[in-house]
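Here's the structure, in structure tokens; my notes come after.
The values are calculated or read from the model by the stated rules, or taken from the named source; none is laboratory data. Predicted, not measured: the structure shown is a model, and the values here were computed from it. No Cβ is skipped: glycine too gets one built from the backbone with ideal geometry, and neighbour counts run over all protein chains shown. For the accessible areas, the whole protein counts, side chains as well, though only heavy atoms, and no ligand, DNA or RNA atoms are used. Shrake-Rupley method; radii C 1.70, N 1.55, O 1.52, S 1.80 Å.
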Amino acid sequence: MILIEMIGILLGGGILCWLTAGWNSAYVKWIAMTAVAADLLIAAVLFAHFSAGGMPQTATAPTAMSWLVDYRRSWIPSLGVSLHLSMDGLSLLLVLLTFFLGLLSVLSSWREIKERQGFYYFNLLWTLGGIAGVFLATDLFLFYFFWEVMLVPMYLLILLWGDSNRRYAAYKFFLFTQAGGLLMLLSILALYFIHGQQGGGYSFDYSDLLHTTPPPAVARWILMGFLAAFAVKLPVVPFHNWLPDAHSEAPTAGSLILAGLLLKTGAYGMIRFILPFFPQASAAIAPWAMGFGVIGILYGALLAFAQTDLKRLIAYTSVSHMGFVLLGIFAMREMALHGVVLQLLAHGISTGALFAVAGMIKQRLHTRDIGQMGGLWKAMPSMGGMAMIFAMASLGLPLLGNFIAEFLVLLGAFPQHVTLVVIASTGLVFSALYSLRMMTKVFFGPAVAPAAVDIGGSGALRDMDGREWLILGLLCIGIVLLGLFPQPIIDMIKEQMLRL
Amino acid sequence: MNELAFIPALPLLGFLVLSLGGRSLSRNAVACVGAGSVCIAAGLTITLCVQYLQGGNAARVDEWVAWRWFASGPLAVPVGFRVDALSLVFMFIITFVGALIHLYSTAFMRDDRGYARFFACMNLFVCAMLILVMAGNLVLLYLGWEGVGLCSYLLIGFWYETPANCAAANKAFLITRIGDTALLIGMFLLFRELGTFDIAGILQASPGHFAAASPIITAIALLFLAGGMGKSAQLPLQTWLPDAMAGPSPVSALIHAATMVTAGVYLIARMHVLFQLSPAAMTVTALIGALTLLVAGCSAMVQTDIKRILAYSTISQLGYMFLALGVGAWSAAIFHFFTHAFFKALLFLAAGAVIEALHHEHNVFRMGGLRHRLPIVYWTFLAGAASLAALPLVTAGFFSKDQILGYALSAEDGNAVLWLSGIAGALITAFYSTRLILVVFWGEAKTPVTRVPGRWITVPLIILAFFSITAGFLEWPRDLLDVQLFSGLLRGVLPATTTRYQGEGGAQLTAVIATLAGIFTGFQLYYRRPALLQRWRRGRLTAAGRQFLLDGWKFDVVYDRFIVRPFVYLTRVNRSDLFDSLYGALVRAMQEGNRQLSRTQNGSLRWYAVGVLVGMLYIIALLL
Amino acid sequence: MRSNKKKYMPPVNSHTVLVVAAILFALGLCGVLTRKNVLFILISIEIMLNAAGLAFVAAGAKWRQPDGQAMFLFILAMAAAEVSVGLALVMQIYHQHKTMDVGDLNKLKDE
């Protein structure tokens, strides 16, 4: 029940925002914030409860799924569709991340969005609700439903409140993701029919389809269908081109959600669906997938180095980090999978923070071009310090979350495929290249007088105000905590990773 | 909480206080917090040292686990500290010399706008370096390793408004990162073989697990060596250190002379078991050490920037330490580290005082005649330079360098080639040290002294000068006096060096002669007959040779042309991402198709009627 | 008496009538496709409709059902409606565009 409530709060809150906008647009932001904060609280309580020892023991047969929270209600029985939401350690962590970043995205839109606020927060909350639904749905029809629900409001967010090139970016984002999604739909239907033909009755439910064994050749094609959708979302290098445009043209909150959450849905899909459903086929394509992961790491890093648009640079770093995720998932070892989950969380926090900083800079300087920035540390030392922390996280400095994640991924994948991991490790040097370039060009160097500046009372560039401190402070604490105390996270997902 | 915890925790606390609230504190408060934290840590370390020395147990180990960092599958990594005699030596240097440098900086950096930021970064550095040497497992060591890299980056680029400083900081970070990645891969290999990162466990299990000189252990050892090479600026990763002089002088003293650059030496000494199992790696280490000391020494001979001279000198002395490690003279390398820390830090701090006094003049040929104007600085600098040149018997540098040279010849893995390069290096070192003294302090004054250094600057100099002279008395050569305090302290941790024969006399004498010859040559060239130099500078071949050495043997040029420029070009060419053009082509194809198909919509009624007819006929044909 | 005998008419073959209807239909189709004047196109459509009606009548005669004749009435009614709407449209076209040439009426072209 609580699961449906969590999603419902977001969806209902969104509608409420939209309606309130007609009446008094000042309250809209507060409603949105309350809705997300309430959900965050629920998720945090759940996390505390389960990490303190409320984990169900897997004394039962290894093929049984042990969910932490399970909710099922019949929806369209004739088609075998039910409203089945379940949460286990992985979903709990990702849902927690969703609401955390959701809250921060609401906070960062506080002063940035001035027109049609009601509709904006409606889209924002519905995207969050869709993402939460994706992480919780265990009925494949419901999963696809939420997949689409998270897509359309995001498209509107980019289209209506984005930057100068938003039309192109929004279309590109929509078309790419939709194409992948349709291929996934084909795969889901194929699984559905095969399951029905094998005599289990027609059902979209996760545990039923888990026990379907399609013939090997067919399994590979169905896996490809799923992989198409998740590969576009993750993104895997040939299909990544929607990402730089969408991330750079979206408003700050949009970029936060895109980088922080939407990319994780691809990884989640792989862990939740591809690996359990098709173990042999996954093992067969694993070397290729790991290869693509390494290509992603290097290609993303090299491209990030060359960019002159700040948000595009950060977007390419996302491509690079997600390469680690792909490498880790298809290494199919326990340590690597732990690293993957940590990377999902750490990357969400660190890249989200970098986008927040980029948004703050954009608000002050009205430009994303790093050629026009420079020497910003002098005027905004706190922002510089925060950006330094997250740039260091991006390059994998120990003490911050990303290091442990990348370390575990590389260490776990090492016995599987030594050469690839060695090549991937060189990616660490390249990540240092782009992070340092970013810091040098933006914050260091002689102070460049920008054309149009959002000046505070003193006439100089305004350093961070309270709200911005709150956003970046929370993110900073998050990444440091992940770096110092990752054990609770690992404990939470230990059971199911073992099963994979 | 264990007392061990306080030692790195205090500078960490200093960092937190200063970074969060530094701007609202007064100068004095910042100085108190910044320097005070390191001073107290130094005090605690000295207490610990006394305990060790009094206990007499050379193999004593103090361990403390703070919390379980992460555990995943077969891997369990605690935040565990493990202090033994080797760590203690490093801890002593880091905190003690660090404290002196911090005290010096309270006056040196006083007029700088980023006072609090400076001390915050310095404190963080001290904390990270302490974690590095106190770490009980390799992952924690790596944390300290990267942490010092970060602080080095922040401090080299401290005056960030000058682009050249930022470029130097980037270069330092990137080159050391290459080494770090090699270290990481070595760690992965090690884990795959042994299944643990715990240092004590590794050292214990390695001899049994690895066959001697097997390819895998050689690979691991070489990768660890590469990591050390990056941090310790050995060939071919040495180009970052001269440029790192863009940072303030206290930074150069602490990070790039006494501590961070010696992290590589610590790593190899700590993991000595791995190296001992792989003679190939040992040989490579020694060779690299020898090559580096020669290359850097030659470059130091012709530099004109006082800090660059000292930087190349540091690279050269680190080469000596690597040479010692490579021949198996473990405690000799650490002893040289010990003495080098004192005199090199002294030299950098004194150089900073000189630069400040002459209002930011870096070129030695525009200094001169400071002997009488800055007496304290002169005498302390002289002590440091003498130690660097290894002036026999009265300086600490002599005892440590002599030990290394002795072992280079007589150790199991030593040979005459290495020894000769060491001797040549000693000659060159003595030469450029003399050059430095003569050009900077003797002769006629070319730039007037604008500021005389105060007490907070000269007192640390004096203390360091004292140690530069006396620190060597801990370990005498066996044929002169049987004092083996230093290696005695380390004998529980590092294996004794096996030698092929005992006699040291001939080698020692050669070393002394080399030193004196170097001093004599320098004296001749720079004091007695400077005209010879002028002639050399004008001659074409010698001028080209001089330029070659001045540019650091053109390593920078090679790297720039073959690595940096192609890389930047390639990435810039692909900036708009060639995959985009794929999708763009797809879009264009779609649009073309649209254009073609819409030509059928030409508005002509008869066309449509014909279309309907054709369609109907087709359907009828299908049905039939 | 021989003058009182009725003349014997052989029954009309439905096949023949269908051929006639087909020919009529083809003629009407040719008219639709080749005539330039809108009115003539309408007339040709009328011919096609009548041909269809003829086919129905022939079928009704063959099977001796009244349905054939009933269908012809339907077709007649539909043709009447269609002609009235069509002629109204043609009037409007002439008003707007001052031409009855179907080649000139291509404003719905895709630019």
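Annotations
- Total residues in the range B:190-209, condition at the interface with another protein chain (Cβ under 8 Å from one of its Cβ atoms) and without any contact (Cβ under 8 Å) to a residue 60 or more places away in the chain: 1
- Scanning the range B:431-473 for residues that are under 13 Å from B:VAL354 (Cβ atoms) and part of a helix (DSSP H, G or I) yields B:LEU436, B:ILE437, B:VAL439, B:VAL440, B:PHE441, B:ILE457, B:THR458, B:LEU461.
- All positions within the range A:196-217 that are among the hydrophobic types (A, V, I, L, M, F, W, C), at pLDDT 80 or above and surrounded by 14 or more Cβ atoms within 10 Å (Cβ to Cβ): A:PHE204
- Test: residue in the range B:100-114 that is within 14 Å of another protein chain (Cβ to nearest Cβ), more than 25 Å from the chain's Cα centre (by Cα) and farther than 25 Å from B:THR262 by Cα: yes
- Some residue of the range A:473-485 being assigned to a helix (DSSP H, G or I), touching a Ser or Thr at 6+ places or on another chain (Cβ under 7 Å) and modelled with pLDDT under 90: yes
- Checking every residue in the range B:265-286 against the condition of being under 20 Å from the mean Cα position of the chain (by Cα), touching a residue at least 40 places away in the same chain (Cβ under 8 Å) and farther than 30 Å from B:LEU140 by Cα gives zero matches.
- Test set (1) in contact (Cβ under 8 Å) with a residue 12 or more places away in the chain; (2) at the interface with another protein chain (Cβ under 10 Å from one of its Cβ atoms) - B:SER152 fails condition number: (2)
- Residues of the range A:387-403 that turn out to be within 11 Å of chain B (Cβ to nearest Cβ) and either under 17 Å from B:GLY114 (Cα atoms) or aromatic (Phe, Trp, Tyr) (or both), as a count: 2
- Look at the range A:402-421: where a residue is of a type in the set (S, T, N, Q) and a partner is not in a helix (DSSP H, G or I), sitting 6+ places away or on another chain with Cβ atoms under 9 Å, you get A:ASN402/A:LEU395; A:ASN402/A:GLY396; A:GLN416/A:MET332; A:GLN416/A:ARG333.
- The single condition from (1) part of a loop (DSSP other than H, G, I, E, B); (2) buried (at least 22 other Cβ atoms within 10 Å of the Cβ); (3) touching a Pro at 6+ places or on another chain (Cβ under 7 Å) that B:PHE70 fails is (1).
- B:ALA41 vs. criteria farther than 25 Å from A:SER382 by Cβ and either within 26 Å of the chain's Cα centre (by Cα) or among the charged types (D, E, K, R) (or both): yes
- Residue check for A:SER105: modelled with pLDDT under 90 and not basic (Lys, Arg): no
- Taken together, B:ALA263, B:ALA311, B:ALA280 contain a single residue that is over 20 Å from B:PHE342 (Cα atoms), among the small types (Gly, Ala, Ser) and in a helix (DSSP H, G or I), which is B:ALA280.
- Some residue of the range B:317-336 being open to solvent by 10 Å² or more (accessible area, probe 1.4 Å) and modelled with pLDDT of 90 or more: no
- The lone criterion from (1) out of contact with any helix residue (DSSP H, G or I) (no Cβ under 6 Å at 6 or more places or on another chain); (2) assigned to a helix (DSSP H, G or I); (3) open to solvent by 10 Å² or more (accessible area, probe 1.4 Å); (4) β-branched (Val, Ile, Thr) left unmet by B:ILE185 is number (1).
- When residues of the range A:89-111 are limited to those that are open to solvent by 10 Å² or more (accessible area, probe 1.4 Å) and not in a helix (DSSP H, G or I), the one farthest from A:PHE47 (Cα to Cα): A:ARG111
- Residue in the range C:71-111 that is nearest to the other protein chains (Cβ to nearest Cβ), counting only those that are of a type outside the set (A, V, I, L, M, F, W, C) and surrounded by 13 or more Cβ atoms within 10 Å (Cβ to Cβ): C:ASN106
Yes or no, residue by residue, for (1) in contact with a Cys (Cβ under 7 Å, 6 or more places away or on another chain); (2) open to solvent by 60 Å² or more (accessible area, probe 1.4 Å); (3) more than 16 Å from B:ILE376 (Cα to Cα):
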site	(1), (2), (3)
B:PHE441	no, no, no
B:ALA445	no, no, yes
B:ARG451	no, yes, no
B:PHE467	no, no, no
B:GLY472	no, no, yes
B:GLY488	no, no, yes
B:THR499	no, no, yes
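- Unique residue being more than 7 Å from every other protein chain (Cβ to nearest Cβ) and either in a loop (DSSP other than H, G, I, E, B) or out of contact with any helix residue (DSSP H, G or I) (no Cβ under 7 Å at 6 or more places or on another chain) (or both) when the list is A:SER382, A:SER435: A:SER382
- Residues being open to solvent by 10 Å² or more (accessible area, probe 1.4 Å) and facing chain B (nearest Cβ under 7 Å) - total across the range A:411-427: 3
- Of the residues in the range B:597-610, not one is more than 9 Å from chain C (Cβ to nearest Cβ) and loosely packed, with under 10 Cβ neighbours inside 10 Å.
- B:ILE178 vs. criteria modelled with pLDDT of 90 or more and more than 9 Å from chain A (Cβ to nearest Cβ): no
- If you go through the range B:199-228 and keep only what is open to solvent by 20 Å² or more (accessible area, probe 1.4 Å) and closer than 17 Å to B:TYR266 by Cβ, you end up with B:ALA200, B:LEU203, B:LEU223, B:ALA226.
- For the range A:263-312, the set of residues classified as aromatic (Phe, Trp, Tyr), open to solvent by 20 Å² or more (accessible area, probe 1.4 Å) and either in contact with a Phe, Trp or Tyr (Cβ under 8 Å, 6 or more places away or on another chain) or within 14 Å of chain B (Cβ to nearest Cβ) (or both) consists of A:PHE292, A:TYR299, A:PHE305, listed by residue number.
- Among the residues of the range B:31-75, just one is in contact (Cβ under 8 Å) with a residue 24 or more places away in the chain, under 30 Å from A:ALA413 (Cβ atoms) and not hydrophobic (A, V, I, L, M, F, W, C), namely B:PRO74.
- Residues in the range B:523-575 that are surrounded by fewer than 14 Cβ atoms within 10 Å (Cβ to Cβ), within 14 Å of chain A (Cβ to nearest Cβ) and of a type in the set (Phe, Trp, Tyr): B:TYR569 alone.
- Matching residues, the range B:155-175, being in contact with a Lys or Arg (Cβ under 9 Å, 6 or more places away or on another chain), more than 8 Å from every other protein chain (Cβ to nearest Cβ) and either open to solvent by 10 Å² or more (accessible area, probe 1.4 Å) or free of Cβ contacts under 8 Å to residues at least 24 places away in the same chain (or both): none
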